[in-house]
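Below is one structure, written out as structure tokens; the observations come after it.
The values are calculated or read from the model by the stated rules, or taken from the named source; none is laboratory data. Since we're looking at a predicted model, the values are computed, not measured. Neighbour counts are summed over all protein chains in view; Cβ atoms, including those assigned to glycine, are modelled from backbone coordinates with ideal geometry. In case anyone asks, the SASA skips ligands and DNA or RNA and just uses the protein heavy atoms, side chains included. Shrake-Rupley method; radii C 1.70, N 1.55, O 1.52, S 1.80 Å.
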Amino acid sequence: MSGINFVAFAIIAYVLYGSQPHVGASADTLVAFYDGHRTRVLIAAVVSGLAVLNLLWFAAALRTTLADAGRDGWGAAATAASTAVGALFLLLIAVGAALAYSIAGSGNPTLTSGLNDLWWALVVLTSFPRAMLIMAGSFGLWRAGLISNALFGVCVAAVVLGVLGGTTWLSGGFWAPDGAYARFVWPIIGLVWVVVASRVLARSPATRAGW
């Protein structure tokens with residue numbers, strides 16, 4: 001259930017947080033978002049923290065299942081990837097919360113703009129550990145015989161699309177850090193994979209005690 005909980009909390013946090021100001025947004029736009037919606041952003045930060053916790057528990061369950069199937073190497077890779085993802089997500093949450101809590105209202109538009117742009121850069125960089133988590137989990141489940149070749153092929157495509165998310169550095173448009181690919185396409189792919197992997201884990205109870 002941790003994977004499903006992660007998806008649910010992530011969606012709730014996204015709805016609460018609202019639309020992040022784009023790269024290079026004006027000072028008035030930044031203040032209106034972070035300072036004007038301070039309470040909403042901070043509540044979203046709490047919900048996002050719960051999402052990160054459930055993501056780490058999901059990765060722990062994934063490793064236990066892979067270890068039980070004799071594929072602990074892939075399980076260790078999934079643990080390492082989830083740790084990196086969790087750390088970067090917490091950094092994203094911290095930047096957004098700090099901006100809403102005091103920085104955006106401090107009258108320093110340069111710092112506010114710089115941190116907002118940093119937020120988007122971090123979103124792009126999280127693509128690599130996210131892709132690694134999908135890769136480790138998918139290869140491990142496939143080598144363990146828990147998913148079909150067809151589903152494994154879909155997962156490999158998701159890994160490739162995830163790595164491509166780390167190249168979204170155009171100055172504007174679909175392939176920009178704040179473009180549709182980084183904001184919607186790649187995150188949806190990741191959430192769908194977590195749901196699918198959670199269903200696979202639910203069908204594959206451990207044959208020995210993992211805790």
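See the values below:
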quantity: Accessible surface of the range 63-155 [probe 1.4 Å, protein heavy atoms]: carbon and sulfur percent; calculated: 69 percent
quantity: Radius of gyration, Dmax [the range 97-197; alpha carbons; angstrom]; calculated: 17.1, 57
quantity: With Cα atoms, 0 to 90° folded angle of helix 186-202 axis to the chain main axis; calculated: 30 degrees
quantity: Relative contact order (%) - criterion: Cα under 8 Å, at least six apart; region: the range 1-85; calculated: 35 percent
quantity: Per residue accessible area of the chain, 1.4 Å probe, in Å²; calculated: 47 Å²
quantity: Rounded tilt (10° steps) of 38-68 against the dominant C-alpha axis of the chain; calculated: 20 degrees
quantity: Globularity index of the chain, i.e. its alpha-carbon radius of gyration over 2.2 N^0.38 Å; calculated: 1.08
quantity: Cα-based Rg and Dmax for the range 100-152, where Dmax is the largest Cα-Cα distance (Å); calculated: 19.6, 57
quantity: Gaussian network model of the chain, springs between alpha carbon atoms under 10 Å - residue of G75, G105, G24 with greatest fluctuation; calculated: G24
quantity: For the chain: relative contact order, % (alpha-carbon pairs under 8 angstrom, 6 or more apart); calculated: 24 percent
quantity: Dipole of the range 1-152, positive end: most advanced residue of A61, G36, A81 [Cβ charges, Cα centre]; calculated: A61
quantity: For the range 1-119, convex hull volume per residue from C-alpha positions, Å³; calculated: 85 Å³
